[in-house]
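Reading through the structure tokens given below for one structure.
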Amino acid sequence: DGRLTFYPGNQTVDLPFINFMKRYGTVFLNAYTNSPICCPSRAAMWSGLFTHLTESWNNFKGLDPGYVTWMDLMEKHGYHTQKYGKLDYTSGHHSLSNRVEAWTRDVDFLLRQEGRPMVNLTGDRKHVRVMEADWQNTDKAVNWIKEEAVNLTQPFVLYLGLNLPHPYPSPYAGENFGSSTFLTSPYWLEKVTYEAIKIPKWSSLSEMHPVDYYSSYTKNCTGEFTKQEVRNIRAFYYAMCAETDAMLGEIISALRDTGLLKKTIVIFTADHGELAMEHRQFYKMSMYEGSSHVPLLVMGPGIKEQQQVPNVVSLVDIYPTMLDIARIPVPQNLSGYSLIPLLRGKAENEVSPRGPRPLWVLSEFHGCNVNSSMYMLRTGKWKYIAYSDGHSVLPQLFDLTADPDELTNVAIKLPVIVHSLDKILRSIVNYPKVSSSVQEYNKRQFISWKQSLGLNYSNVIANLRWHQDWLKERKKYENAIDRWL
């Protein structure tokens, strides 16, 4: 969650290396994902293009496997490149359940798709390495810096993809598992200040926006939760962030020990955030700040120290920034703009060859746990969220200055502002048309999957992650799918 990297979010947990980057570099106060889910978000970051342009609709439809990323271009221009850890921009290793849930989101039924969020404390006060796989990848990156990077005659670019602070799989959730377990050890939990944890306010279920209600239900969050449960989920999430921060620290220390830190640009960001029970949801797949607002910190030679940038930026800006750093000509067709002028503390009006940076960012989502394509435009103090074709589902409008927790949808009160923001949104993306092509894609995918199963279809669909709900009224849900088809 990007808000943890600056005040007031950072009161809850000690993140020493994020703070180190703030002291010696620049923090972006309003950085957003272009799609709040793993693969589509990473596809945007690696391609520099909005989701509707790459058609990265969900966690299995990302970039084409041979896609030329900024790293490929840097390699072509003489950089030594190295990647470790999670990449996930062509397709994620996600379950069949996830896939079918994404394709059937237009079906008129409500089924729980995720395990109920819960916490799990493991090990003792000495247990530091909870997320083993991430630590192993961090070790590989550290060794590469100390053994390879230090001896290179050419410039290098190193990418390390971590899974934390993502919730862990939950075997108790049955078939295909959900990832709804917030897992940490006492060592990390001690870095969290329980008293500072804010318990989010929830609207009543009857007052929720219909898309939020669907999300809350499919994420198994509509039941009763005690304040203590909510506080624990948030605390464990912050502890997982502290563990992530320590891995960042390993990289910074390796660069410092080898004398490379002063001549290396370091960028820290994420593909999306985590709601951690805000708006009665966990996970991402939402345009609320917890899910869509990402961290973005940069430090290194030529980058202004102790700078906070208020401009709205997004992950598509990484591609042109990387090319700019490497002095490689930036293609004109990109959705993003180089961050270099902002990082150097240059005046707003300094115009790049492509013209000035727009005053808005776009995020969109077309995957599971949400029963409508959604589009978020963030500009100034406003966050505007449009759904589907722009008519069948009411939009949301939040004034983030007056209402940072996004509890009051003012769309009905402010039709003139809604109209002007909707006009800007439509000038960027013809969203009713995109929504409709996603609906067609989902139906095509589902039909071809159903046909591939032949007579076995009923049993397979009944045993996906929603089996506990499905088996109560099997015929009803099968009929709902038939009506949709």
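Want the number for Arg327 to Asp72: 0.36 nm per residue separation, take away the alpha-carbon distance, what's left?
Taking Arg327 through Asp72 to full extension adds about 90.4 nm, to one decimal.
Is there a quick way to get the dipole size of the range 2-366? I mean about its Cα centre, with the Cβ of Lys and Arg at +1 and of Asp and Glu at -1; what is the value in debye to the nearest 20?
Here the range 2-366 has a charge dipole of around 700 debye.
List the extent of the Cα atoms of the range 1-91 along each of their three principal axes, largest first, rounded to whole Å.
42, 33, 21
How many Å² of accessible area per residue for the chain, probe 1.4 Å?
42
In nanometres, what is the gap between the two model label sites at His391 and Arg444, each 7 Å from Cα along Cα-to-Cβ?
Between His391 and Arg444, the label points sit 2.5 nm apart.
Of all accessible surface on the chain at a 1.4 Å probe, what whole percent is carbon and sulfur?
52
For the chain, what does -39500 (n - 2.57) per DSSP helix run (n ≥ 4), summed and divided by total residues, give at 222 nm, in deg cm²/dmol to the nearest 500?
Only helices count here, giving -10500 deg cm²/dmol.
So how do Glu289, Glu132, Glu229 rank on accessible area, 1.4 Å probe, biggest first, that is with the largest at the start?
From most exposed to least exposed: Glu132, Glu229, Glu289.
Report the antiparallel proportion of the DSSP beta bridges in the chain as a percent, rounded to a multiple of 5.
Roughly 65 percent of the DSSP beta bridges within the chain come out antiparallel.
Working out 0.36 nm times the residue gap between Thr258 and Ser458, then minus their Cα-Cα distance, what length gain in nm do you get to one decimal?
Full extension from Thr258 to Ser458 adds 66.1 nm.
Between (1) 19; (2) 43; (3) 25, which matches percent of Cα pairs over 40 Å apart calculated for the structure shown?
Correct label is (1).
What pairs in Lys346/Lys413; Lys61/Lys227; Lys22/Lys346; Lys86/Lys423 have C-alpha atoms more than 27 Å from each other?
From the list (Lys346/Lys413; Lys61/Lys227; Lys22/Lys346; Lys86/Lys423), the Cα-Cα distance tops 27 Å for Lys346/Lys413; Lys61/Lys227; Lys86/Lys423.
I need the calculated FRET efficiency for the pair Gln154 and Lys472, taking r as the beta carbon distance and R₀ as 56 Å, to the nearest 0.05.
With a Förster radius of 56 Å, E is 0.35.
Convex hull over the alpha-carbon atoms of the range 368-446: what's its volume per residue in Å³?
97
Output wanted: per-residue J couplings in Hz (rounded whole) for the range 13-23, from phi through Karplus 6.51 cos²θ - 1.76 cosθ + 1.60, θ = phi - 60°, x for Gly and Pro.
Couplings: 8, 7, 10, x, 7, 4, 5, 4, 5, 5, 5 Hz.
Accessible surface of Leu4 in the full protein assembly, 1.4 angstrom probe, to the nearest 10 Å²?
10
The values are calculated or read from the model by the stated rules, or taken from the named source; none is laboratory data. Values in this document were obtained by computation on a predicted structure and should not be read as measured data. Using ideal geometry, Cβ is built from the backbone for each residue, glycine included, and neighbour counts are taken over all protein chains shown. With ligands, DNA and RNA removed, areas are computed over all heavy atoms of the protein, side chains included. Shrake-Rupley method; radii C 1.70, N 1.55, O 1.52, S 1.80 Å.
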